[in-house]
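Structure first, commentary second.
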Protein chains: 2
Amino acid sequence: MILEARGEEEVKGEWRRRGRGGAFGFGRSVAGEGLLFPPSNFGMVDRGIYRCGFPAPDNLPFVDALGLRSVVYLCQEPYPDVNAEFVRSRGIRLFQFGIEGSKEPFVTIPKDTIMDALRVLLDIRNHPILIHCKRGKHRTGCLVGCFRKLQRWCLSSVFEEYLRYAGDKARISDLQFVEMFDVSCMMQSIHGIIYRYHGCGPQGGRLVYRQEDG
Amino acid sequence: MILEARGEEEVKGEWRRRGRGGAFGFGRSVAGEGLLFPPSNFGMVDRGIYRCGFPAPDNLPFVDALGLRSVVYLCQEPYPDVNAEFVRSRGIRLFQFGIEGSKEPFVTIPKDTIMDALRVLLDIRNHPILIHCKRGKHRTGCLVGCFRKLQRWCLSSVFEEYLRYAGDKARISDLQFVEMFDVSCMMQSIHGIIYRYHGCGPQGGRLVYRQEDG
């Protein structure tokens, strides 16, 4: 969304490729349109990965500006009609991984469900992607925490980030889940995703990481 | 930093262009290297824009992986030798905007300094860019808050983000500064940046916003 001057041809090409608005609405600001209302607890996890609480109808213009390809929805409840219609009309793919939201000590984060959600999250064909639950604190925090462990963040930094979003609603059971989550169980899946993506088996694929653009 | 399989030529080309590691160290994880230690209060503001508290020596491998072009440093104190040597050796440009860090009610955020810092922040030639002060809460929070206003975020979301990073150290004077900051004073600067970037005057430049990649 950063301001940038470019040749007209390049801009046209980009519109052809993406066909939707940029993230964060900065261009809209310059165009003098109205305010944008991000969902509660909105944040950028990484390039092409966002997180937040449940997007209310007022938040949808902002979410629209993210140009999403996918949503990871971590609640058991069906998606409300207005949100379902929003993702349908934008061609956004909805991945629902229903995790119970009841309070500790009765809540258990299901490891297999988090692994399934991580597989979706890691697959760049699904980016830009938005992760959300109800408050963007516990279920979303657990998923992002496991993602950070995959990125080799030290546990204290993973917890600091979890706590920043959870605030005084932080749950020790979530932190324990993230601490106990064994990232090695994901490695086979990661290779599977990469190689399926190119459909060319271990010899044809190459495991690299995408660089940040300048 | 997202895992992605690509042809070898493409990868080589990217290494030639960038010559440094990707952000967040995900590739390092797969390569089995050790843990990464993000600076305190680290977060991603937007594509190519990061924020944090003061990076300690232990944090520098993580910061290195961001592949920064620039740092915006918001304290008055000189940069410590180890940090100065780090940015020098990586060819990272250091923009220091010294803002006093004393506690309210004696602190006043200087508007002109924030505007100068915003001009650096908005110029994509400086990206990827890291904003930091000492704790990544007050001075950094004010700068990011003004940036969000430029992005047309509603004030309640700007404040929510400020509070998330400032926690119980939040300052009402910072919130008042951000609220009172008149973004229209930046509009002329933004156009100036864009057109200087291409060096071709208002006829030759085109004001667009950069799209998120998929």
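Listing for the model above:
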read-out: Matching residues in the range B:71-89 - criterion: being part of a helix (DSSP H, G or I) and farther than 17 Å from residue B:51 by Cα; value: B:81, B:82, B:84, B:85, B:86, B:88, B:89
read-out: Any hit, the range A:129-144, residues being crowded, with 18+ Cβ neighbours inside 10 Å and over 26 Å from residue B:154 (Cβ atoms); value: yes
read-out: Residues within the range B:68-77 that are within 10 Å of chain A (Cβ to nearest Cβ) and open to solvent by 10 Å² or more (accessible area, probe 1.4 Å), tallied; value: 1
read-out: Test: residue in the range A:116-125 that is out of contact with any Gly (no Cβ under 9 Å at 6 or more places or on another chain) and of a type in the set (Lys, Arg); value: no
read-out: Qualifying residues in the range B:103-114 (those that are open to solvent by less than 40 Å² (accessible area, probe 1.4 Å) and out of contact with any Cys (no Cβ under 7 Å at 6 or more places or on another chain)) - the one modelled with the lowest pLDDT; value: B:107
read-out: Those residues of the range A:54-67 which are surrounded by fewer than 24 Cβ atoms within 10 Å (Cβ to Cβ), in contact (Cβ under 8 Å) with a residue 24 or more places away in the chain and of a type in the set (A, V, I, L, M), in sequence order; value: A:60
read-out: Condition met for residue A:134 (out of contact with any Ser or Thr (no Cβ under 6 Å at 6 or more places or on another chain), at pLDDT below 95 and within 21 Å of residue A:40 (Cα to Cα)); value: no
read-out: Complete set of residues in the range B:154-189 that are within 14 Å of chain A (Cβ to nearest Cβ), of a type in the set (S, T, N, Q) and closer than 22 Å to residue B:73 by Cα; value: B:189
read-out: Selection count, the range A:145-180, where residues are buried (at least 20 other Cβ atoms within 10 Å of the Cβ) and over 20 Å from residue B:43 (Cα atoms); value: 2
read-out: Pairs with Cβ under 8 Å, 6+ apart, first in the range A:86-103 and farther than 21 Å from residue A:119 by Cβ, second charged (D, E, K, R) and in a helix (DSSP H, G or I); value: A:86/A:64; A:90/A:64; A:101/A:139
read-out: Residue selected from the range A:30-53 under the condition out of contact with any Cys (no Cβ under 6 Å at 6 or more places or on another chain) and assigned to a loop (DSSP other than H, G, I, E, B), by the criterion surrounded by the fewest Cβ atoms within 10 Å (Cβ to Cβ); value: A:32
read-out: Qualifying residues in the range A:132-153 (those that are in a helix (DSSP H, G or I) and touching a Cys at 6+ places or on another chain (Cβ under 7 Å)) - the one farthest from the other protein chains (Cβ to nearest Cβ); value: A:139
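The values are calculated or read from the model by the stated rules, or taken from the named source; none is laboratory data. The model shown is predicted, which means the values in this text are computed figures rather than measured ones. Positions of Cβ are generated from backbone atoms using ideal geometry, with glycine treated the same way; all protein chains shown enter the neighbour counts. Heads up: the accessible areas ignore ligands, DNA and RNA and are worked out on the full protein's heavy atoms, side chains in. Shrake-Rupley method; radii C 1.70, N 1.55, O 1.52, S 1.80 Å.
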